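Everything below concerns the one structure shown next.
Coordinate-derived values only; no laboratory data. Predicted, not measured: the structure shown is a model, and the values here were computed from it. No Cβ is skipped: glycine too gets one built from the backbone with ideal geometry, and neighbour counts run over all protein chains shown.
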Amino acid sequence: MGDSTTAMALILTPQAEDFINEWTNPLPYVIAHTSGSTGTPKEIRLLKSDMRASARATIDFFGLSSKSTLYLPLSPGYIAGKMQIVRALEASCDLIVENPSSRPALQPLTDGTEIDLLPIVPSQCEAILSSPYRRQIKNIIIGGAPLQPNAETDIIGAGLTAYATYGMTETCSHVALRRLGEEQFSALPGFSFSLDDRGCLTIGSRTLSFGTLVTNDMVSLTSDHSFRWLGRYDNVINSGGIKIFPEEIEKLIAPLFPPESLFYVTSRPSEKWGEEAVIVSDSPSLPSDILDRIKLLAGHRKTPKAIIFEPEIKLTQSNKIIRHKFFS
């Protein structure tokens with residue numbers, strides 16, 4: 001197992017070949033970069049032993065073997081792309097890589113080959129759903145950014161087996177998966193969960209070198225191997241003693257906004273409540289009764305008090321919204 005590609009059929013891009021060269025060099029680590037979703041992206045060194053352990057957890061979860069075929073339409077410059085290559089190397093299975101784009105072609109599948117595992121980001125979902133080869137995909141994992149509720153509904157309706165991922169660069173990709181249509185994330189083999197005194201998730205690992213990792217993700221823990229994600233600790237709004245999780249509200253109200261629009265929930269000062277929730281949207285014309293409709297979904301206390309128009313909502317390099325709070 002591991003570093004040899006001799007038992008594998010490979011279709012690679014130059015960037016994938018560069019990563020394999022880095023993977024097979026004598027150094028015990030590879031260079032990776034954090035996503036920058038909560039700050040400036042930073043360079044980190046990931047131990048190859050940790051990446052192998054992470055790959056094995058995914059291999060075990062999906063029952064991958066030397067007879068499997070993995071597909072990669074993501075950049076090997078990011079952790080999701082690197083780890084798909086490592087999984088193929090560890091399982092000694094076939095790997096097909098195409099240049100990343102928002103519309104993966106999946107064209108090498110015309111011979112009837114089935115994909116045992118396909119990692120994508122939310123912006124690629126539409127292309128997968130419209131692909132004539134989608135029935136040849138056994139398992140999809142979706143990460144990099146939150147998946148919109150309408151996209152999740154479409155994927156389930158198409159009969160595809162897909163999972164949302166939870167993890168980060170520091171954990172060598174995902175440590176938990178949530179089957180679409182379900183609420184809870186479940187741990188991959190070798191990982192367990194607990195809470196710190198803020199109510200944030202703490203990841204325990206028997207196989208990766210970090211041992212214990214404290215996150216800034218607030219969760220509802222359902223067992224030491226499962227949780228429901230609520231939102232980022234940094235984003236929580238305390239409005240008159242009521243905790244409002246912006247990501248939870250966003251998921252609830254997303255169907256009320258145009259599919260191609262961007263919006264997020266943030267806070268501004270309030271004399272009455274200390275701070276109150278508001279919506280920032282790039283849509284210049286929304287229904288006049290949209291806040292009333294949101295109130296029916298979210299309840300009176302958690303409904304944002306206003307909608308602020310921002311024509312250009314900024315994104316990180318990995319297409320996550322850059323949030324900011326209002327202080328006056």
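Output the antiparallel fraction of DSSP beta bridges having both residues in the chain, as a percent to the nearest 5.
Details: 42 of 59 bridges.
Just about 70 percent of them are antiparallel.
Charged side chains reduced to their Cβ positions (Lys and Arg at +1, Asp and Glu at -1) give the chain a dipole of some 500 debye around its Cα centre.
With an 8 Å Cα cut-off and a minimum separation of 6 or more residues, compute the relative contact order for segment 168-319 in percent. Kindly include the intermediate steps, with their values, before the conclusion.
Values: 259 pairs, mean separation 20.8, N = 152.
Normalised by residue count, the contact order of segment 168-319 is 14 percent.
Phi-derived couplings, Karplus 6.51 cos²θ - 1.76 cosθ + 1.60 at θ = phi - 60°, listed residue by residue for segment 165-182: 9, 10, x, 7, 4, 5, 9, 6, 6, 6, 10, 8, 10, 10, 5, 4, x, 10 Hz, with x used for Gly and Pro.
Suppose R0 equals 41 Å; then what is the FRET efficiency for Ile242 and Gln317 from their Cβ-Cβ distance, rounded to the nearest 0.05?
Details: r = 34 Å, r/R0 = 0.83.
Taking R0 as 41 Å, the efficiency between Ile242 and Gln317 is 0.75.
Over the chain, what is the relative contact order in percent, taking alpha-carbon pairs closer than 8 angstrom and at least six residues apart? Each step should come with its number before you reach the end.
On the way: 648 pairs, mean separation 39.6, N = 328.
Worked out over the chain, it gives 12 percent.
Using a Förster radius of 25 Å, what is the FRET efficiency between Asp154 and Lys325 based on their Cβ-Cβ separation? Nearest 0.05, please. Numbers along the way, then the final one.
On the way: r = 32 Å, r/R0 = 1.29.
Here the calculated transfer efficiency is 0.20.
Per-residue extension of 0.36 nm, minus the Cα-Cα distance of Ile44 and Asp18, leaves a gain of 7.6 nm for this segment. Considering helices alone, the calculated mean residue ellipticity of the chain at 222 nm is -6500 deg cm²/dmol, with DSSP H runs of length four and up weighted by -39500 (n - 2.57) and normalised per residue. Taking other C-beta atoms within 10 angstrom as a stand-in for reagent exposure, Cys200, Cys93 fall in the order Cys200, Cys93, fewest first.
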